[in-house]
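Asker: What follows is a single structure, and I will ask about it in a moment.
The values are calculated or read from the model by the stated rules, or taken from the named source; none is laboratory data. Fair warning: this is a prediction, and the values are worked out from it, not measured in the lab. Note that each Cβ is placed from the backbone with ideal geometry, even for glycine, and that neighbours are counted across all protein chains shown. SASA here: full protein model, heavy atoms, side chains in, ligands and nucleic acids out. Shrake-Rupley method; radii C 1.70, N 1.55, O 1.52, S 1.80 Å.
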Amino acid sequence: MELTKKLQKLSLAALIVSLLPLATLVPVFLKVTLPDGVRSVWAIVNIVSALVGLLLSVICVKSEESRSAVNITSTIVSVLLLLMMLGIVTLALVMSFLR
């Protein structure tokens with residue numbers, strides 16, 4: 001019983017951390033231009049939060065008794081964000097070699 005409560009809190013934390021990179025869109029919608037240093041730090045925070053969200057989600061999904069829609073949603077969001085980041089890095093590398 002105690003373990004499932006801890007895993008429920010962990011799954012909620014995983015969902016919040018997984019959705020944190022979407023906060024990047026707030027300055028875009030408000031048409032705010034951030035300085036280069038802030039954008040670099042923001043990018044690192046996004047990568048770390050996507051990785052941590054995936055790690056926490058996998059920990060929660062691994063246990064069959066704690067598997068829920070929140071856990072599965074946070075896992076899917078984290079995987080999609082990481083795939084998107086990987087695609088952006090791959091595209092940047094390809095574009096740099098084509099120049």
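Asker: Can you confirm whether residue 96 is at pLDDT 90 or above and not aliphatic (A, V, I, L, M)?
Answerer: Numbers: at pLDDT 90 or above: yes; not aliphatic (A, V, I, L, M): yes.
Yes: the conditions hold for residue 96.
Asker: Filter the stretch 16-39 down to the residues that are part of a helix (DSSP H, G or I) and more than 17 Å from residue 81 (Cα to Cα) and list them by number. Steps first, please.
Answerer: Within the stretch 16-39, the first condition is being part of a helix (DSSP H, G or I), and the residues that meet it are 16-29, 36-39.
Passing the criteria: 27, 28, 29, 36, 37, 38, 39.
Asker: Next question, about the same structure. Restricted to the stretch 41-50, and to residues that are under 16 Å from residue 86 (Cβ atoms) and in contact with a helix residue (DSSP H, G or I) (Cβ under 7 Å, 6 or more places away or on another chain), which residue is most open to solvent (accessible area, probe 1.4 Å)? Can you show your working first?
Answerer: We begin by selecting, within the stretch 41-50, every residue under 16 Å from residue 86 (Cβ atoms); these are 43-44, 46-50.
Restricting the remaining residues to those that are in contact with a helix residue (DSSP H, G or I) (Cβ under 7 Å, 6 or more places away or on another chain) gives 46-47, 49-50.
Working: 46: 20, 47: 79, 49: 9, 50: 0 Å².
Looking at residues that are under 16 Å from residue 86 (Cβ atoms) and in contact with a helix residue (DSSP H, G or I) (Cβ under 7 Å, 6 or more places away or on another chain), I get 47.
Asker: Using beta carbons and a limit of 7 Å, which pairs, at least six apart or on different chains, have the first residue in the stretch 1-28 and more than 18 Å from residue 48 (Cβ to Cβ) and the second one of a type in the set (D, E, K, R)?
Answerer: 4/65
Asker: Pull out all pairs, ordered by first then second residue, where Cβ-Cβ is under 7 Å, the residues are six or more apart or on different chains, the first lies in the stretch 32-51 and is closer than 20 Å to residue 13 by Cα and of a type in the set (S, T, N, Q), and the second is open to solvent by 70 Å² or more (accessible area, probe 1.4 Å) and assigned to a helix (DSSP H, G or I).
Answerer: 49/20
Asker: Kindly provide the set of residues from the stretch 52-99 that are within 19 Å of residue 21 (Cβ to Cβ), more than 15 Å from the chain's Cα centre (by Cα) and either among the acidic types (Asp, Glu) or open to solvent by 100 Å² or more (accessible area, probe 1.4 Å) (or both), ordered by number.
Answerer: 91
Asker: Filtering the stretch 5-40 down to residues that are β-branched (Val, Ile, Thr) and surrounded by 11 or more Cβ atoms within 10 Å (Cβ to Cβ), which residue is modelled with the lowest pLDDT?
Answerer: Let us first name the residues in the stretch 5-40 that are β-branched (Val, Ile, Thr), namely 16-17, 24, 26, 28, 32-33, 38.
Checking which are surrounded by 11 or more Cβ atoms within 10 Å (Cβ to Cβ) leaves us with 16-17, 24, 38.
Numbers: 16: 88, 17: 87, 24: 83, 38: 89.
Filtering the stretch 5-40 for residues that are β-branched (Val, Ile, Thr) and surrounded by 11 or more Cβ atoms within 10 Å (Cβ to Cβ), the one modelled with the lowest pLDDT comes out as 24.
Asker: In this structure, is residue 9 in a helix (DSSP H, G or I), over 11 Å from the mean Cα position of the chain (by Cα) and not polar (S, T, N, Q)?
Answerer: Numbers: in a helix (DSSP H, G or I): yes; over 11 Å from the mean Cα position of the chain (by Cα): yes; not polar (S, T, N, Q): yes.
Yes: the conditions hold for residue 9.
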